[in-house]
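Some notes on the structure that comes next.
The values are calculated or read from the model by the stated rules, or taken from the named source; none is laboratory data. Given the structure is predicted, the values throughout are model-derived calculations rather than measurements. As a convention, Cβ positions derive from the backbone with ideal geometry for all residues, glycine included, and neighbour counts pool all protein chains shown. Each accessible area value is taken on the protein alone, full model and side chains, heavy atoms only, with ligands, DNA and RNA left out. Shrake-Rupley method; radii C 1.70, N 1.55, O 1.52, S 1.80 Å.
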Amino acid sequence: MEFWKTKKLHEMTPEEWESLCDNCGKCCLHKLEDEKTGEIHFTSVVCNLIDLKTCRCTRYSERTQKVPTCLDLKQHDFEKFNWLPSTCAYRLLADGEALPQWHPLVSGKAASTHNAGISIRSYAMKEADVDRVEDHIIKWLK
Ligand code: SF4
Ligand code: SF4
């Protein structure tokens with residue numbers, strides 16, 4: 001059943017909620033906020049706890065204890081988190097948009113996020129390997 005078409009985010013079961021994540025890894029990238037404008041800039045520097053092949057967290061169940069800045073979206077009014085990337089399924093559904101064709105729930109293939117070039121796999125660097133996060137600001141084309 002295509003639950004994401006019929007249920008609101010807050011009506012989903014924990015399993016349905018988790019399955020919405022396409023494992024793009026974008027929300028694990030470090031972000032910098034412009035002090036003057038409040039604009040959020042993503043960088044290509046990612047949390048050390050990510051697996052760069054799968055773009056999944058290696059310590060998912062304990063992530064908020066291990067990394068205090070890591071957010072559990074379920075515990076927040078995530079609709080205020082307008083910094084989430086425009087491709088993020090939670091962002092899309094909150095905005096009343098459809099899931100894209102490359103989303104694993106639509107394509108039926110776990111790797112389709114990577115194959116469509118949406119995930120961070122091809123460019124992300126772990127923070128342990130970087131001197132200055134400020135030198136790695138990026139802009140996404142999609
Ligand atoms: S940006 Fe959204 S879809 Fe991508 S990994 Fe983060 S929560 Fe999942
Ligand atoms: S702790 Fe895990 S989920 Fe949180 S930012 Fe790091 S890799 Fe991502």
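Observations on the structure shown:
- Rounded Å value of the spacing that divides the Cα centres of segment 13-59 and segment 95-142: 9 Å
- Length-normalised contact order for the chain - Cα pairs under 8 Å, 6+ apart - percent: 33 percent
- Using 0.36 nm per residue and subtracting the Cα-Cα separation, the extra length available between Glu16 and Glu39 on full extension is 5.1 nm.
- Surface accessible to a 1.4 Å probe, per residue, for the residues of the chain, Å²: 64 Å²
- Over the chain: Kirkwood hydrodynamic radius from C-alpha pairwise inverse distances, Å: 16.0 Å
- Accessible surface of segment 10-136 [probe 1.4 Å, protein heavy atoms]: carbon and sulfur percent: 48 percent
- Close amide-amide hydrogen proximity is noted between Val46 and His30, Met125, Lys126, Glu127, each under 5 Å apart and 5 or more residues distant or on a separate chain (H modeled in the peptide plane; Pro and chain starts excluded).
- A simple count of charges around Ile137, restricted to other residues whose Cβ falls under 13 Å of its Cβ and scoring Lys, Arg +1 and Asp, Glu -1, yields -2.
- Within segment 43-117, the GluC sites (Glu not before Pro) that combine a DSSP coil assignment with at most 11 other C-beta atoms in a 10 angstrom radius are Glu97.
- Structure note, pairs Lys5/Lys26; Lys53/Lys109; Lys26/Lys74; Lys7/Lys139: Cα-Cα distances above 26 angstrom occur for Lys7/Lys139.
- Loop-exposed chymotrypsin sites (Phe, Trp or Tyr not before Pro) per DSSP, neighbour cap 16 Cβ within 10 angstrom, longest uninterrupted part of the chain: 1-80
- In percent, rounded to a whole number, the relative contact order of segment 1-80 is 17, using alpha-carbon pairs under 8 Å and six or more apart.
- Translational D in µm²/s for segment 4-70 (Stokes-Einstein at 20 °C, 1.002 mPa s, Kirkwood Rh from C-alpha pairs): 153 µm²/s
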